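What follows is one structure encoded as structure tokens, with my remarks underneath.
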Amino acid sequence: MKVLVVDDHQLVRDGLVRLLNTDPDIQVVGVAHSGEAAVSLVERTNPDVVLLDVRMPGVGGIPATREIKERWPEVDVVLLTMYDEEEYIYEGLAAGASAYLVKDCSHSQLVQTLHSVHEGGAYLPPQALRKVIGQFRMLREQQPSPSGVPEGLSKREMDVLACVVQGLSNKQIGRRLAIDETTVKTHLHRIFDKLGVRDRTQAAILAIQRGWLRPSVAPQG
């Protein structure tokens, strides 16, 4: 797996490179100090994953993520930052990042996340996921126009997906939609299969990234 490391602090860049070099399956193909440099290096080094800091001078990590995903959709982006404010988490995922890590994560969590993302997965630490759910709840009164609807999902599956984005458990989804938990699980398996995802976190992230759902369109109990 080829990884590009991007951070505006040299000490952090050097430390990340040393950590990643301990994994024989990871090859660091370049380092950059800014979003602009990151975009340029993606074109030259063709990485599989970009490990990208959020806040940097000039073009920050979120605009860089957006440009990288627009130009090279096959390249995965993992955001790594000191900040876990919900605005950064939400904007990063909406820009196309597959994972979001805070810099106090362990070495093993960082490496595991890179491998997971490279294999088609997604990751949010529990505290970040809670913040994203909170952000959706705060946006409940807004009425944005959806940018698209996932092909192949029935209305009931869309209702279930909306509940997943809000962080509801299977039991809570069943109560809200007046169906039993077995039926909820059946809907979830069909949703995961149709969207090509492995779990509810990936499904929620995909819905955020593609603008399919907002809390304002979630089914109400």
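The values are calculated or read from the model by the stated rules, or taken from the named source; none is laboratory data. Please read these numbers as outputs of a predicted model, since none were measured by experiment. Note that we place each Cβ from the backbone using ideal geometry, even for glycine, and neighbour counts take in every protein chain shown.
Annotations
- Members of segment 131-188 that are of a type in the set (S, T, N, Q), at pLDDT below 80 and within 17 Å of Gln202 (Cβ to Cβ): Gln166
- Thr65 falls short on exactly one of the conditions (1) outside any loop (DSSP other than H, G, I, E, B); (2) more than 19 Å from Val117 (Cβ to Cβ); (3) not hydrophobic (A, V, I, L, M, F, W, C), and that condition is (2).
- Against the criterion of being assigned by TED's automatic domain parsing to the domain that holds Ser98, among the charged types (D, E, K, R), in a helix (DSSP H, G or I) and surrounded by 15 or more Cβ atoms within 10 Å (Cβ to Cβ), Arg44 does not qualify.
- Yes/no for Asp7 being over 22 Å from the mean Cα position of the chain (by Cα) and over 18 Å from Ala122 (Cα atoms): no
- Only one of Leu52, Leu80, Leu101 that is outside the structural domain of Arg210 (by TED's automatic domain parsing), at pLDDT 90 or above, of a type in the set (A, V, I, L, M) and out of contact with any Phe, Trp or Tyr (no Cβ under 7 Å at 6 or more places or on another chain): Leu52
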